[in-house]
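One structure is given below, encoded as structure tokens.
Values in this text are rule-based calculations from the coordinates and carry no lab data. If you're wondering where the values come from, they're calculated on a predicted model, not measured in any experiment. So basically every Cβ, Gly included, is an ideal-geometry build from the backbone, and we count neighbours across all protein chains shown.
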Amino acid sequence: MKTTFARLFEVRVRHDYRHSGKNVDFACEPTLGCATELARHGLHFRVLDTGFAVFGELDGEGPALRRPLGDGIVLRFWMRARTDEATRVTDLDGDASRWRPGSCILVFANEQALDVGGGERSLCSAGDRASTADLVALRPLRFTLRRDTDLVVPHLRVMDSRGLTVIDETVRPLRAGAGATGRVEHAVDLSGFGEGEYRLRFEGTAEDVFHGSDERTPDTAVGLIEISHDGTIPIDARIQTSGGAPTGRRFQVRFGARSARWRYVVSRKRPMEADELTVSGPSTALSFGNSELVRDDLASSERIERFAASQPTPFVDQPVRGISLRRTVIVDGLPVTVDLRTNLPSPSPAAIVTAEGEAFADTYVFL
């Protein structure tokens, strides 16, 4: 008997730093719980050079799955950084400092799945690229809540990802004496409600959003992809129809590349005659202003000038051509410009430095 499989869904992982469009920065794999669900439903996970896909066995010739998904199922996949460069070249709306793998993680879900064209829907929560809005703290399902409070009997409430209250109780703080600030050390147990996102509200403090799980987080995990199937998911983001057929939905997780103002630091022997150096870019989007004198040492005849781009430029993994170092001298009363260096090398993300709150990336040129 012929067995037929169809694509249930596909997730493409894109990075603006990679011109090839292939996923070379992040390895995707099912969590332990997801692997169990895949086996239970006869689903097959396949790694692609652009991300991954999940296929399901059809009931005969289809179109329905042989073992349809039940409402409430969530398939979760770890995203692990393959190299240190994966996080170094990634921009999270200008603030990657909060991205601390191990204590927080980027969570991408199909609860909204914005249409980004090309038959793909974004799993990012704010727009078409990953941002700090996708960052969620990590906690085990059993933990001790520690808080200081002035309230006599503060209220604790925990809600799951659907907004349903799973814990609703009051807590009695420990106090050193009358009028003293109370210290709360309260055991929270969510093991009966399973893995997922929770919102903890402790009276008098800010809401705490976290991903609760008892599964060990891989050391290199930076993200978690959650593909859910239930009636709350928008129709255009569902992976299975009401009749149990796979939709073959294509999702996307896209990362922006870090940007910095590119600078070229030029060192040369101090010229005898009057001249002027300039750096020219390939377009108005990457242009350079006048030089800044860094050093002019008469004793060693060393002169160092610095040329900064007028605006930040995103990094890419291939050289940007058309950046030239030029020299202008006066010949017979007329300016003459010649190229000293053409196609200067592009700065590396590893060379990023911060000065007065602005990111720069330096490349050194020696004449």
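General remarks:
- The packing ranking of peptides 219-230, 11-22, highest mean first, is 219-230, 11-22, where packing means the average number of other beta carbon atoms within 10 angstrom of each residue.
- Count Lys and Arg as plus one, Asp and Glu as minus one, and take only other residues whose Cβ is under 13 Å from that of ALA299; the net charge is then +1.
- Whether the range 145-285 is rounded, prolate or oblate, judged on the alpha carbon gyration tensor where a/c under 1.5 counts as rounded: oblate
- Inter-centroid distance (Cα atoms) of the range 195-237 relative to the range 322-367, Å: 47 Å
- The order of the peptides 321-332, 258-269, 161-172 by mean Cβ neighbours within 10 Å, most packed first, is 258-269, 321-332, 161-172.
- The convex hull built on the alpha-carbon positions of the range 142-212 has an orientation-averaged projected area of 4.4 nm².
- Computed over Cα pairs, the Kirkwood radius of the range 260-366 leads via Stokes-Einstein (1.567 mPa s, 4 °C) to a diffusion coefficient of 88 µm² per second.
- Cα principal axis extents for the range 63-152, largest first, Å: 59, 36, 26
- Gyration tensor verdict on the chain (Cα atoms; rounded if a/c is under 1.5, prolate if a/b is larger than b/c, oblate otherwise): oblate
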